[in-house]
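Only one structure is covered here, and it is reproduced in the block below.
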Amino acid sequence: MEASIMLAARVYGKQDLRLVDIDEPSISNPNDVIVHVKAIGICGSDNAIYNGNNPFAELPRIMGHEFVGMIHEVGQNVSEFNIGDHVVVEPISYCGKCYACRAGMPNACENLKVLGVHKDGGMQQFIKVPLKQIHKINSKIPWTTAVLAEPYTIAGNATMRSQVGLGKTVLIQGAGTIGQLALRVAKVKGARVMISDVAASKLEFAQKNGADAVVDVTTEDLKQRVSDWTNGEMANIVIDAVGSVQTFQSCLDLASVAGRIVPLGFSTQPVTITQKPIMQKQLTICGSRHQAYQFEPIIKAIENGQLDNHGMVNQQFAFKDIQAAFDLMNNHPEQARKIVLLF
Ligand SMILES: NC(=O)c1ccc[n+]([C@@H]2O[C@H](COP(=O)([O-])OP(=O)(O)OC[C@H]3O[C@@H](n4cnc5c(N)ncnc54)[C@H](O)[C@@H]3O)[C@@H](O)[C@H]2O)c1
Ligand SMILES: [Zn+2]
Ligand SMILES: [Zn+2]
């Protein structure tokens, strides 16, 4: 039988993104499902692939690791899902054998594979995915909210690693997409949250988004503000959602005694830090890569209304207009909190 044809968007090289007609997938493994993709979020890392700046991606590649859709077909062994169920796809898969997997950190797996990076992802009409990468979500949740589940899991992981909890003070550097979502998750976990940025518009949004304090680092001294806000204690948790040399370097000074620091960026530029504050304050610097075991709690929090869209998705494009979406992201990044493509 001849396969049906479907639409996909594939990156062939730097800024060479093409809409292509390809064969629809068919099920060969009984543990696989086929998802009819409905919405895909565009991430900063997709834009890095598009611009030739993502060393992890192998080209040509169908991007997309933030996506949701409906069950279209299930393999013989799949009894948990029915055709038409709304699902969120977990983009990572891991070996289960290496030290990270055995230590309960499969997100740091030696053989980690990410849909949209190492394998073709969600920027296509239908995608075949193993059952274990599928999570059900209530069909009442709009696609434009459900699609935030994956970026919310990044915040879920960062706040889990840094033990964000009731009554703790959290400083988030960077009120971009990840910073805003981390703010929401930290609030749901009961923390007090201060957030910084260089752009007034981002801070304005953060205020609507529940921030207890905002700092414009172009006009204010961040260290002084954190000190005043915490009565000199400094922040129990510092999440660097900028990833610059300067922001990472500053985390050690901004953290309280027994503080935890999460650098989310992956810059390879050297940073100068000293040992003394790490020793003296007994700081913990926590890596946080993608997420592990965060989809279930994040989806529950979305379903019960604790986490929502909150105006995050402020740009929507029909899938066929994907080029316009990337043009907006590159030419007017200030206008794009989260861009979503819809089928
Ligand atoms: N570890 C992971 O799993 C993971 C996942 C996703 C993203 N990331 C990383 O997280 C970081 C944030 O991603 P994003 O998508 O939110 O990016 P973004 O570009 O949307 O946000 C970055 C924000 O930082 C602000 N900023 C710049 N300089 C600043 C400074 N000195 N102080 C305070 N704010 C400043 C910018 O104005 C912007 O609002 C990036 O480094 C990204 O690579 C990591
Ligand atoms: Zn992403
Ligand atoms: Zn592994």
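The values are calculated or read from the model by the stated rules, or taken from the named source; none is laboratory data. Owing to the predicted nature of the structure, the values given are computational and were not obtained by experimental measurement. Reconstructed Cβ throughout: ideal geometry from the backbone, glycine too, with neighbour counts over all protein chains shown.
Okay, residues lined up against (1) hydrophobic (A, V, I, L, M, F, W, C); (2) farther than 19 Å from ALA8 by Cα; (3) without any contact (Cβ under 8 Å) to a residue 24 or more places away in the chain; (4) touching a Phe, Trp or Tyr at 6+ places or on another chain (Cβ under 8 Å):
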position: PHE81; (1), (2), (3), (4): yes, yes, no, no
position: LYS97; (1), (2), (3), (4): no, yes, yes, no
position: MET105; (1), (2), (3), (4): yes, yes, no, no
position: CYS109; (1), (2), (3), (4): yes, yes, yes, yes
position: LYS113; (1), (2), (3), (4): no, yes, yes, yes
position: VAL117; (1), (2), (3), (4): yes, no, no, yes
position: GLN124; (1), (2), (3), (4): no, no, no, no
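Within the group VAL89, VAL20, which residue is in contact with a Lys or Arg (Cβ under 8 Å, 6 or more places away or on another chain) and within 17 Å of PHE343 (Cα to Cα)? Steps first, please.
On the way: VAL89 fails: in contact with a Lys or Arg (Cβ under 8 Å, 6 or more places away or on another chain).
Every option except VAL20 fails the conditions.
Taking the stated definitions as given, is ILE285 touching a helix residue (DSSP H, G or I) at 6+ places or on another chain (Cβ under 8 Å) and buried (at least 17 other Cβ atoms within 10 Å of the Cβ)?
Details: touching a helix residue (DSSP H, G or I) at 6+ places or on another chain (Cβ under 8 Å): yes; buried (at least 17 other Cβ atoms within 10 Å of the Cβ): yes.
When the stated conditions are applied, ILE285 passes them.
Tell me yes or no: at least one residue of the range 51-62 is part of a strand (DSSP E or B) and either under 21 Å from the mean Cα position of the chain (by Cα) or more than 14 Å from LEU341 (Cβ to Cβ) (or both).
Taking every residue of the range 51-62 in turn, at least one turns out to be part of a strand (DSSP E or B) and either under 21 Å from the mean Cα position of the chain (by Cα) or more than 14 Å from LEU341 (Cβ to Cβ) (or both).
Okay, residues lined up against (1) over 21 Å from VAL68 (Cα atoms); (2) buried (at least 16 other Cβ atoms within 10 Å of the Cβ); (3) touching a Pro at 6+ places or on another chain (Cβ under 8 Å):
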residue	(1), (2), (3)
THR145	no, yes, no
MET160	yes, yes, no
PHE205	yes, yes, no
GLY210	yes, no, no
VAL238	yes, yes, no
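If I go through the range 87-112 residue by residue, how many of them are away from ligand 1 (no atom under 16 Å from the Cβ), buried (at least 19 other Cβ atoms within 10 Å of the Cβ) and within 18 Å of LEU131 (Cβ to Cβ)?
Of the range 87-112, the ones away from ligand 1 (no atom under 16 Å from the Cβ) are 87-89, 95-99, 101-104, 110-111.
From the residues that got through so far, the ones that are buried (at least 19 other Cβ atoms within 10 Å of the Cβ) too are 87-89, 101.
Among the residues that remain, those that are also within 18 Å of LEU131 (Cβ to Cβ) are: 87-89.
Residues meeting the conditions: 3.
Just a yes or no: is a residue in the range 64-84 modelled with pLDDT under 95, within 16 Å of ligand 1 (Cβ to nearest atom), under 27 Å from ILE302 (Cβ atoms) and surrounded by 12 or more Cβ atoms within 10 Å (Cβ to Cβ)?
No, that holds for no residue.
Residues checked against (1) among the aromatic types (Phe, Trp, Tyr); (2) in contact (Cβ under 8 Å) with a residue 24 or more places away in the chain; (3) surrounded by 18 or more Cβ atoms within 10 Å (Cβ to Cβ); (4) farther than 23 Å from GLN125 by Cβ:
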residue	(1), (2), (3), (4)
ILE298	no, yes, yes, yes
ALA301	no, yes, yes, yes
GLN323	no, yes, no, no
PRO333	no, no, no, yes
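Only one residue in PRO55, PRO151 is within 16 Å of ligand 1 (Cβ to nearest atom), closer than 28 Å to LEU17 by Cα and modelled with pLDDT under 95, so which one is that? Write out each step before concluding.
Values: PRO151 fails: modelled with pLDDT under 95.
Every option except PRO55 fails the conditions.
Name the pairs: first residue in the range 137-157 and within 19 Å of LEU341 (Cα to Cα), second residue within 16 Å of ligand 1 (Cβ to nearest atom) and of a type in the set (Val, Ile, Thr), Cβ to Cβ under 6 Å, at least 6 apart or on different chains?
Final answer for the pair search is THR144/VAL313; THR144/VAL340; VAL147/VAL340; ALA149/ILE298; TYR152/ILE298.
Taking the range 10-40 on its own, how many of its residues are out of contact with any Phe, Trp or Tyr (no Cβ under 7 Å at 6 or more places or on another chain) and within 16 Å of ligand 2 (Cβ to nearest atom)?
So the count comes out to 0.
Take residues that are more than 16 Å from ligand 2 (Cβ to nearest atom) and β-branched (Val, Ile, Thr) and tell me which of the strands (runs of 3 or more DSSP E) falling wholly in the range 108-223 contain 3 or more.
Where strands (runs of 3 or more DSSP E) fall fully within the range 108-223 and carry at least 3 residues being more than 16 Å from ligand 2 (Cβ to nearest atom) and β-branched (Val, Ile, Thr), they are 169-173.
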